[in-house]
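Engineer: Got a structure here, written out as structure tokens. Questions coming.
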Amino acid sequence: MATLLRSKLSNVATSVSHKSQAKMSGMFARMGFQAATDEEAVGFAHCDDLDMEHRQGLQMDILKSEGSEEGGEPPLEGDIHYQRDGTGPLPPSGSKEACSELSGQGKPKITAWEAGWNVTNAIQGMFVLGLPYAILHGGYLGLFLIIFAAVVCCYTGKILIACLYEENEDGEIVRVRDSYVDIANACCAPRFPTLGGRIVNVAQIIELVMTCILYVVVSGNLMYNSFPNLPVSQKSWSIIATAVLLPCAFLKNLKAVSKFSLLCTLAHFVINILVIAYCLSRARDWAWEKVKFYIDVKKFPISIGIIVFSYTSQIFLPSLEGNMQNPKEFHCMMNWTHIAACILKGLFALVAYLTWADETKEVITDNLPSTIRAVVNIFLVAKALLSYPLPFFAAVEVLERSLFQDGNRAFFPNCYGGDGRLKSWGLTLRCALVVFTLLMAIYVPHFALLMGLTGSLTGAGLCFLLPSLFHLKLLWRKLLWHHVFFDVAIFVIGGICSVSGFIHSLEGLIEAFRTNAED
């Protein structure tokens, strides 16, 4: 009898553990699809990492059998609230939420057009506003880099997906990995089986936090330039923006926020069209002679980081490809999305620079006449504020899982109580992260420098260096000579650009930090 009781208790404990993993992974799968409607698609990035754990730990037969044995009340339709202890209700079978919690064959699939929409939002988002500033310091070479970055990022996205597949004993190509982290760990195995994943996670956290900082910076910048006559400084506007963003620390899901983000993304495309239309109306005054064939040696490396950052999408591509109805269409989808991005970015950057020439500012909307600048900038600020919770929430989840919830390997005690509620000190840490983004935005209120630094550090690493390195490491025996040449060339060129851009961006940030500290 005692043996049977222990066995039953063990089964119940296992069921609760698996349900907890199911709820967490299902929530991120849902968040991934919703966040992908935003231009950064950061939810997919985190979903990509957690998807691997979900597939390893989840046993659907246990979930189904134990769920029926416990005889709980059926969940309400559309209820996607989650709890960390797994006591939250499971979605009804057949619903989109239920499908999102299943791995592999149970997941809802997306078409190539839907996948292309996700990629387009990732690489043609709000940070396109900084590209004309890159042309200011790079001239025609800056235009060439916009094209070159599109070609390279398209290629590295394809080879990154190729690293997910291997040939089995029957000679068939099968998917053996699920995420960027899986690929990184496979490259470092067997000596350091988790080192690669940790490197990718650190790069991801840095990019997510820097994205949050950029949203605060651009909000303060846009509001200050929209209402220059008000006695409110850019720092004060950043503080006001952060006060609005402080409730992000209490977020448990992003369903409502993501819907608003989709509307703001559509509004952003309209704003881009308005800017281009205004520039075309001044076509007679375009300063073609101002477009240089030479570069500003000190500031052009920063422009490289800006351009690279505007193309970052590799981190969520494995999840995206795995959720496509026909993965064979992935290459075609990558081609047309990057061709479209290259054309639109190049035209936007060139037309905007020709209109304002040497007066081009870090955020191009600041060059607009005061009559329409305020309206355009208010829309952009609303988009920035509604986009902030996505990278913030993903960064918080990565940090909590790595530092507080990684089983015996966690560095600190669990920040969630037994009832699944966030402890007070855990909430304090979330608020501290919001305040940290504010402090960075106050002391370094330079949109171009921060964007260049992020693009040079994590953007080049995740888009150029790591994909080419992983491709060579995992598939070098099957690669043709021109693939090897391309991978090595991308790694070398990407490394040089990354180091150069990082050094110059860091120097600019240090100088700006000292100037602000003196003031």
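Engineer: Which ranges mark the helices (runs of 4 or more DSSP H) fully within the stretch 102-221 that have 1 or more residues being surrounded by fewer than 24 Cβ atoms within 10 Å (Cβ to Cβ) and at pLDDT below 85?
Structural biologist: Of the helices (runs of 4 or more DSSP H) lying wholly inside the stretch 102-221, those with at least 1 residues that are surrounded by fewer than 24 Cβ atoms within 10 Å (Cβ to Cβ) and at pLDDT below 85 span 112-123.
Engineer: What is the one condition in (1) at pLDDT 90 or above; (2) crowded, with 16+ Cβ neighbours inside 10 Å that residue 282 does not satisfy?
Structural biologist: Evaluating residue 282 over (1) at pLDDT 90 or above; (2) crowded, with 16+ Cβ neighbours inside 10 Å leaves (2) as the failure.
Engineer: Here is a further query. Evaluate the following for residue 469: is it touching a helix residue (DSSP H, G or I) at 6+ places or on another chain (Cβ under 8 Å), over 18 Å from residue 150 (Cβ atoms), at pLDDT 90 or above and of a type in the set (A, V, I, L, M)?
Structural biologist: Spelling it out, residue 469 is indeed touching a helix residue (DSSP H, G or I) at 6+ places or on another chain (Cβ under 8 Å), over 18 Å from residue 150 (Cβ atoms), at pLDDT 90 or above and of a type in the set (A, V, I, L, M).
Engineer: Next question. How many residues are assigned to a helix (DSSP H, G or I) and under 21 Å from the mean Cα position of the chain (by Cα) when one looks only at the stretch 319-354?
Structural biologist: Qualifying residue count for the region: 18.
Engineer: So, one more: Would a scan of the stretch 215-225 turn up a residue that is over 30 Å from residue 242 (Cβ atoms) and among the small types (Gly, Ala, Ser)?
Structural biologist: Scanning the stretch 215-225 turns up no residue that is over 30 Å from residue 242 (Cβ atoms) and among the small types (Gly, Ala, Ser).
Engineer: Has the stretch 261-270 got any residue that is part of a loop (DSSP other than H, G, I, E, B) and either of a type in the set (D, E, K, R) or crowded, with 23+ Cβ neighbours inside 10 Å (or both)?
Structural biologist: Checked the stretch 261-270: no residue is part of a loop (DSSP other than H, G, I, E, B) and either of a type in the set (D, E, K, R) or crowded, with 23+ Cβ neighbours inside 10 Å (or both).
Engineer: Let me ask something else. Testing residue 358 on (1) at pLDDT 90 or above; (2) more than 21 Å from the chain's Cα centre (by Cα), one condition comes back false. Which one is that?
Structural biologist: It is condition (1) that residue 358 fails.
Engineer: So which of 256, 277, 243 is in a helix (DSSP H, G or I), modelled with pLDDT under 80 and surrounded by fewer than 19 Cβ atoms within 10 Å (Cβ to Cβ)?
Structural biologist: Result of the check over 256, 277, 243: 256.
Engineer: Exactly one condition in (1) in contact (Cβ under 8 Å) with a residue 12 or more places away in the chain; (2) hydroxyl-bearing (Ser, Thr, Tyr); (3) closer than 30 Å to residue 284 by Cα is not met by residue 313; state its number.
Structural biologist: (3)
Engineer: Which ones in the stretch 355-384 are in a helix (DSSP H, G or I) and either among the charged types (D, E, K, R) or farther than 30 Å from residue 244 by Cα (or both)?
Structural biologist: 355, 356, 357, 358, 359, 366, 373, 383 - these are the residues of the stretch 355-384 that are in a helix (DSSP H, G or I) and either among the charged types (D, E, K, R) or farther than 30 Å from residue 244 by Cα (or both).
Engineer: Separate question: Quick test for you: out of 485, 502, 491, 447, pick the one residue that is of a type in the set (Phe, Trp, Tyr), open to solvent by less than 80 Å² (accessible area, probe 1.4 Å) and at pLDDT 85 or above.
Structural biologist: Testing whether each residue is of a type in the set (Phe, Trp, Tyr), open to solvent by less than 80 Å² (accessible area, probe 1.4 Å) and at pLDDT 85 or above leaves just 502.
The values are calculated or read from the model by the stated rules, or taken from the named source; none is laboratory data. None of the values given here were measured: they were computed from a predicted structure. FYI the Cβ positions are ideal-geometry reconstructions off the backbone, even for glycines, and counts take in every protein chain you see. Accessible surface is based on the protein model in full, side chains and every heavy atom, while ligands, DNA and RNA are left aside. Shrake-Rupley method; radii C 1.70, N 1.55, O 1.52, S 1.80 Å.
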